[in-house]
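Right, one structure below, let's go through it.
The values are calculated or read from the model by the stated rules, or taken from the named source; none is laboratory data. What you see is a predicted model; the values in this text were computed from it and never measured. Note that each Cβ is placed from the backbone with ideal geometry, even for glycine, and that neighbours are counted across all protein chains shown.
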Amino acid sequence: MAARTLTGTGATPRSGLGTVVWYDPEITLPDTDEPVDGDAERDRFADAVETARAELESERDATAERVGEEEAAIFDAHIQFLEDPTIREAVEASIEDGRPAALAVDDAFAEHIEQFEGMEGRMAERADDLRDVRDRLLRLLTGGDRVNLADLPEGSVVLAERLTPSDTAQLDPETVAGFATVTGGRTSHAAIFARSLALPAVVGLGEVLNDITDGTEVIVDGDAGELLVGPDDAEREAARADEGAEVIEEMVETSDGREIEVAANVGRPEELEPAAARGADGVGLYRTEFLFLERQSPPDEDEQYEAIRDALDTFPEGRVVVRTLDIGGDKQIPYLDLPEEENPFLGERGIRRSLDPDTELFRTQLRALLRAAADGAGELNVMFPLVATVEELEAAIAAVDDAAAALDERGVDCERPSLGVMVETPSAVFMADEFARRVDFLSIGTNDLTQYVMAADRENERVGHLHDPTHPGVVRAIGRTVEQAHANDAWVGMCGEMAGNPDVTELLVGLGLDELSMSAVTIPDVKVAVSETEYSAARERADSARSVATRSEVHETIDQ
Amino acid sequence: MSERIVEIVPEAGLHARPAALFVETVNDHEANVEAGPPDSDLVPAQSMIAVTSLGVGQGDELRLVADGPDAESVLDELERILTTPEDELEA
């Protein structure tokens, strides 16, 4: 047992063992009553500005090279904030009055940060920029050195309050063993970035993380969402073994020749390249709601078009399955003014909102998708989330036809993509034949399907034992869905977490799934599992898994 | 003293990269430049804080007033930055 275990949210289902390196130690401001040498403080301030500028320039260049010019632009903005004459004059005047440089800097920024914080929209983000610049100066002035993320010793585990996009862009997955942060959730930028790079990470550990000091040996267990402080030998061994499989770039097939598409779940344009690099054949779930998060207004048609076209161009030979906007439930978007619901998971979410009241957003999204289908290299597939009735499906299909007609009228190039339905509700399982007759494919979202079939809240640990897709009720629901789809000439994919678990790959292949989609990190493991599976044997085993009575019996058939 | 009114083309408005380039350009020239909405107060254009706090977005108009030996050339350069889409901007 580790000496101490901290619990947070796992971002990447992978473990890493290493030595703690704090990225941003807490800043301690000097006491005000110490006597101050004005000239010396002025020099220290000037030196700090100069060093900060040099740091920003080198981080800008590193980011431009690793990620792109667009992401590097933020550093140019920070340089200009750093050298703002308003700040410089205020700091110098304050030092003149006998304040130490660090306090003078803190004061000078405070007023402007507050001013930006009170503003709307993008202006509020400027407060974050100013805070970053202020903290950089304060670290230099108070002697708290910040490590260079791009040049860490092998086996470092980075601990930080939070990691910004520009921070994570500098991490080299070859040398960094993982990271852990005080703040952040599963969908925070740092978490998503970690997943796409297969970097072990746990976020949202809380203030207790500050107790862990530099040089401590820790394991970042992204599976359990834990940070193990001072692990024992067995835990070290397990973490070292968690290397994962080699990347397989080609499509894989079972030993007896059944081809299974292994695709990636993505939510942001910057996840596309890393997914391709881990051997994804295409995208099996593009969560378009991520394009709507962390901003003040919805992306317009052109922006959505660009994002989807990028995805299609990343997989010119592959298939990209885009899920239309799926908000509601646990996914809140401030500017859309979602209603407070007693029971949001059984309320207005997914296609229900797209048909009404988000009709306009849905139309805009469909136009963007149809245009991208015409211009992008890969094959676009569009699916609708949380469909429960044939009427909903028919209304959604009609909306696609309307969007195509509207674009035709405008003389804009567009193409009607293949359409599909997500199977997440028990109703969709029972109606799978009717749905399959009306679309080209079905995709099983096992997280929601399990939640609804078992009536077990995904987030409620007390019923966590029920939230398991290997319960026979869920296995039978999956088997039935695949059967009904194939009988009606539709292909079937799976895009829930179950699809990324190599321990059940044989079961899923045996149940007849044509495609498995998962976060990029587990793609190599699942590709290996597919190629080690014999379809005919898996088929028999899946049949028994569909006929047994308990979860443990399902596990017995899997483990045989 | 020279003056002109420019309509903002970059999607980010006067933020991020365009704003950084804008301020950097002002500071590289021998001219005192002020900027603001056509019908309102001007702020010093060499201050990133002042410039970004104008909240100028794509499609907005910005009034530029320059004084000094480089007045004309700095205005030319600023106009180029403000009327070039972000992805075509050269540093």
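What to note about this one:
- Residues in region A:274-301 that are polar (S, T, N, Q) and surrounded by 18 or more Cβ atoms within 10 Å (Cβ to Cβ): A:T288 alone.
- In region A:264-276, the count of residues that are in contact with a Lys or Arg (Cβ under 9 Å, 6 or more places away or on another chain), of a type outside the set (S, T, N, Q) and either farther than 30 Å from A:I351 by Cα or in a helix (DSSP H, G or I) (or both) is one or more.
- Positions within region A:147-164 being loosely packed, with under 15 Cβ neighbours inside 10 Å and either in a loop (DSSP other than H, G, I, E, B) or modelled with pLDDT of 85 or more (or both), in sequence order: A:N148, A:P153, A:E154, A:T164
- Of all residues in region B:39-85, those satisfying the criterion of being within 14 Å of another protein chain (Cβ to nearest Cβ) and part of a strand (DSSP E or B) are B:V43, B:P44.
- A:A101 being of a type in the set (A, V, I, L, M) and closer than 26 Å to B:D28 by Cα: no
- Selection within region B:1-38: residues that are charged (D, E, K, R) and either buried (at least 22 other Cβ atoms within 10 Å of the Cβ) or within 14 Å of chain A (Cβ to nearest Cβ) (or both). The member of this set that is nearest to B:L62 (Cα to Cα) is B:E34.
- When residues in region A:319-340 are screened for being touching a strand residue (DSSP E or B) at 6+ places or on another chain (Cβ under 8 Å), among the charged types (D, E, K, R) and assigned to a loop (DSSP other than H, G, I, E, B), 1 of them pass.
- Residue match in region A:310-329 (condition: under 17 Å from A:F193 (Cα atoms) and among the hydrophobic types (A, V, I, L, M, F, W, C)): yes
- Scan of region A:416-454 for residues that are small (G, A, S) and either out of contact with any Phe, Trp or Tyr (no Cβ under 7 Å at 6 or more places or on another chain) or within 19 Å of A:L369 (Cα to Cα) (or both), ordered by number: A:S418, A:G420, A:S427, A:A432, A:A436, A:S443, A:G445
- Considering (1) polar (S, T, N, Q); (2) within 11 Å of chain B (Cβ to nearest Cβ); (3) within 28 Å of the chain's Cα centre (by Cα), the lone condition that A:S156 does not fulfil carries the number (2).
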